[in-house]
Each structure stands twice: as structure tokens, then as C-alpha cells.
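The structure appears right after this line, and notes come after that.
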Amino acid sequence: MSNTLAIVGRPNVGKSSLFNRLTKTQEAIVESMSGVTRDRIYGKSDWNGYEFSVIDTGGYVHGSDDTFEEEIRKQVLYAIEESDAIVFLVDIREGVSPLDREVANLLRKSNKKVFLSANKADVPNVADLAGEFYSLGLGEVFAISAMTGTGTGDLLDRVVETFKEKTDDEEIDLPKIAVIGRPNVGKSSLINTLLGDQRNIVTPIAGTTRDSVYTRYKGFGHDFMLVDTAGLRKKGKVYENIEFYSTLRTIRAIEKSDVCIIMIDAQTGIEKQDINIFNLAQKNGKGIVIVVNKWDLVEKETNTHLEFENHIRERIAPFRDVDIVFTSVLTKQRIFKALELAKDVYEKRSKKVSTSKLNELLLPIIENTPPPAASRGRYIKIKYITQLKTERTQFVFFCNLPDDVKDSYKRFLENTIRENYDFRGVPIHLYFRKK
């Protein structure tokens, strides 16, 4: 399970600069989820092969000077609650400020690992000023420069050590199925119906669900965790802090899940935000089942559901190999079918194909249908294929010219794998490396 590092501190100390440095080789998870923040606030980082999420709390502070202290206090409390470790950033050139002391007081009371980092230590003589910050009582001070990268390696070495020490022993090791979608599509109603009680508050007001709620579902041969999430919202719809933070929790729930049931409203059809949510789950390598809810409210003709299904597949292309089920939570129509499909996708996502079988199947096909020639008439030769032993479904193709394999040929290889091994609902990631 991915660990999370939060960056906190008063305005203008360089939080976004540090965030950008940590996530520069990765695409921010909320890249297409406009409305979560004005800046890229939630991303992925990798240090020495250890992947973790990064939250820049600074992207949300706004308003007059009078509101800064209260806003930062909320951010720090959020970071304490939601993250596994915290980087507390201060400005080495300005020294200790009253607001720094306020933040330090909050952090000292938490049981989270805090890394006090004095930023803007761009030249050696400035780094000597870091000693002043020991007065905050948070232990070692890391003198860093987010702009040049000075000292960030030592900081990340220590951060990653903390993550390695963390274990998930307290968590029940069960498949996690997240129910996600736009507000008011029926996510909480689906879970309530499955559980047979009002576990989650349901009202017709969009955005009622504030937090991600984990509930164990055991029955009819199933045993897994259901995750109900606050609805992901469109641009400009995140007005209040609580909505902003619940959206981040939703993204974290997607990250921590194994399979996502993506709910679409049959009355409004598939919208851009539904596709954003689909892409978010796909980029994270999660299993996917699409549930079209409120199907009982749609006027139907002979081919209505086929036309609806074909339209969805056109919109989610090129990854179309996904089950689509039409439900009505109100009448309990096909809701257990959705669960069966989610369980099936979980099992497919866990499947591993042996290296010998992969090469026996794919190498003759590649020989008969080789990749298009690279630049200057050079030929691409794929010599060996293996599936990585990772949580995601990933295959590596070893070849002489990995950078010259065209996207169209990558799709051909993915489709060949799908035709021979059932990975329906599972995103497949292909990598090409030099032999």
C-alpha cells in the first residue's frame, strides 16, 4: 500500500517547489481532475525504487493575512490525520517565525514522523543558519534547497526509511473494492442495499458523503472491504475545505483499492467527469467494472442498452475491455451481478502468466507480424518477454531499440495478450527495455 508524505508550512517557504521537485518524473494524479486544487497538489514520487504519494497542502491557502494562520492550522491537522510522514518546511533565510512555532506546537503533539527542513539553503554559508530551528523541538534539521536539490537526497533517504519501517499488520488483508463516481449517482445507496442497513447517510443532496468509509462485506460467498467515497466533483465545484479534503481522500481510496466500481448515472449518460474518473483508476492500474445505475428510470427500446454500452466503449477507448452492467439500486436489479464481476476482475488482476508460456505464445506472433522498422531502416527485434511480479499487471519486452516501438504496435501487443489471456477489466501496462 502506498505511503503518503505531506508537505506543510507557512506561505512562501517553497512547499510547491519541493513538491515539483519530488514529483517531476511523474504525472500528478489529479492532472485532469480540475477543481481539486488550483495547483498540482497531489502526485507520485519515487526514491531509490520506493514509490509514495506526496501532498502539497500549500496549494489551498488563500484569503487575507488574517485567515492564513487558521488555514495553515487546518492543513497541518489534515496532514497529521491523513499522511504517514510530514515534511515541515521553513525558510532558512528568514529564521524562526511565530507561525513556524505554532505549526511546530501542533506537530509535536502528533505521533507522526516529522522531518523539519530548512529550505532555500542554496549556498554553504546559508546552510549554517539551520541551527536556529532546533529551538522548535522537532529534532534534526535538514538544510535543503528545493530549487537546486541540495540536501533533498539525504532528506528522502530518511523519509523512505520511515516508510519501510511502517507495516500494514493492523489492516485486514482482504480485497478492497472502491465504489466511485460523480456525486449523487447512488454510491452510498448501493453499499447500503448490499449491507442491508443505513451504514452511510443518503440524501438527494450531492456531496453528502464526506469521508471514505471502509466496510467489510461478508455474505453469498464473498468476503472483501467495500469503500464508499465522496463523489469526485467538476471544476469549480470544490467550495469548502471539507469538500477539498474529501476529494483527496477519494483519490487516496482509489489508490488503496484493488478494484473500482465506477458508477454512471443512466439519466445523464457518460460525461467528461466520468471519463476523468475512469482514467484515474486506469492510470493507477486498478481493476474496473462500470455500473450504469438508475436504469429503471430510462425509457427503453429494443437496442437501448446496446447503444448505451457502445457509446460508453467509444468514450473510454482505447481501453474498452471492461464489463458494463446496467443496474437499479432502488429495485436491486443486477447489483449482485456487479459484485460478482468486481470479484472476478480482482482474481484476473492477481493472475500471473509464466515467462515460458508468454514467450512460446508471443515470439512466433511477433516474428510473423514484426514491429515497423525504426528510423534509418533499422529493424526492431523483440527477444524476450516477462510479466513483472508487481501488484499491477505489467509486462516487459526486451528489445534492441526500445524507444522506437510505436504506440500502434504496443496496442497490437496488448490486444494479443488480451485475446489469449483473460484480463477483462484489468489495465495492462507494457514496458520496453534494452536487452
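Can you tell me which condition Ile251 does not meet? The list is (1) farther than 24 Å from Phe336 by Cα; (2) open to solvent by 10 Å² or more (accessible area, probe 1.4 Å); (3) β-branched (Val, Ile, Thr), and all the others hold.
Looking at each condition in turn, Ile251 falls short on (2).
Do the conditions hold for Arg249, that is, is it modelled with pLDDT under 80, outside any loop (DSSP other than H, G, I, E, B) and within 16 Å of the chain's Cα centre (by Cα)?
Yes.
Within the stretch 101-115, is even one residue assigned to a strand (DSSP E or B) and either open to solvent by 10 Å² or more (accessible area, probe 1.4 Å) or among the polar types (S, T, N, Q) (or both)?
Within the stretch 101-115, one or more residues are assigned to a strand (DSSP E or B) and either open to solvent by 10 Å² or more (accessible area, probe 1.4 Å) or among the polar types (S, T, N, Q) (or both).
Within the stretch 186-199, is even one residue in a loop (DSSP other than H, G, I, E, B) and at pLDDT 65 or above?
Checked the stretch 186-199: at least one residue is in a loop (DSSP other than H, G, I, E, B) and at pLDDT 65 or above.
Count, please, the residues in the stretch 83-124 that happen to be among the acidic types (Asp, Glu), touching a Leu at 6+ places or on another chain (Cβ under 8 Å) and over 30 Å from Glu255 (Cα atoms).
Final tally of qualifying residues: 1.
If you scan the stretch 354-405, which residues turn out to be part of a strand (DSSP E or B) and within 27 Å of Gly287 (Cα to Cα)?
Within the stretch 354-405, Tyr384, Ile385, Thr386, Gln387, Thr393, Gln394, Phe395, Val396, Phe397, Phe398 meet the criteria.
Scan the stretch 128-148 for residues that are under 21 Å from Phe19 (Cβ atoms), open to solvent by 20 Å² or more (accessible area, probe 1.4 Å) and outside any strand (DSSP E or B) and jot them down.
Leu138, Met147, Thr148
Residue by residue through the stretch 297-343, note down the ones that are over 19 Å from Ala281 (Cβ atoms) and of a type in the set (Phe, Trp, Tyr).
Phe308, Phe326, Phe336 - these are the residues of the stretch 297-343 that are over 19 Å from Ala281 (Cβ atoms) and of a type in the set (Phe, Trp, Tyr).
Can you pull out every residue in the stretch 321-348 that is at pLDDT below 95, in contact with a Ser or Thr (Cβ under 9 Å, 6 or more places away or on another chain) and either farther than 22 Å from Val426 by Cβ or part of a helix (DSSP H, G or I) (or both)?
Correct list: Val329, Leu330, Lys332, Gln333, Ile335, Lys337, Ala338.
With the checklist (1) in a strand (DSSP E or B); (2) at pLDDT below 90 in hand, flag the one item Val292 doesn't pass.
Unmet condition: (2).
Which residues, counting only those in the stretch 67-106, are modelled with pLDDT under 90 and either β-branched (Val, Ile, Thr) or under 20 Å from Thr152 (Cβ atoms) (or both)?
Thr67, Ile72, Val76, Ala79, Ile80, Ser83, Asp84, Val103
Can you list residue pairs whose Cβ atoms sit under 8 Å apart, with the first residue in the stretch 326-342 being open to solvent by 20 Å² or more (accessible area, probe 1.4 Å) and the second being at pLDDT 90 or above and among the polar types (S, T, N, Q)? Count only pairs 6 or more apart in sequence or on different chains.
Listed pairs, sorted by first residue: Gln333/Thr327; Arg334/Thr327; Arg334/Ser328; Lys337/Thr327.
Which residues, taken from the stretch 301-313, are in a helix (DSSP H, G or I) and surrounded by 10 or more Cβ atoms within 10 Å (Cβ to Cβ)?
The answer is Thr304, His305, Glu307, Phe308, Glu309, Asn310, His311, Ile312, Arg313.
The values are calculated or read from the model by the stated rules, or taken from the named source; none is laboratory data. Everything numeric in this text was worked out from a predicted model, so none of it was measured. Virtual Cβ from ideal backbone geometry, glycine too; neighbours counted across all protein chains shown. What goes into the accessible areas is simple: the full protein's heavy atoms, side chains included, and nothing from ligands, DNA or RNA. Shrake-Rupley method; radii C 1.70, N 1.55, O 1.52, S 1.80 Å.
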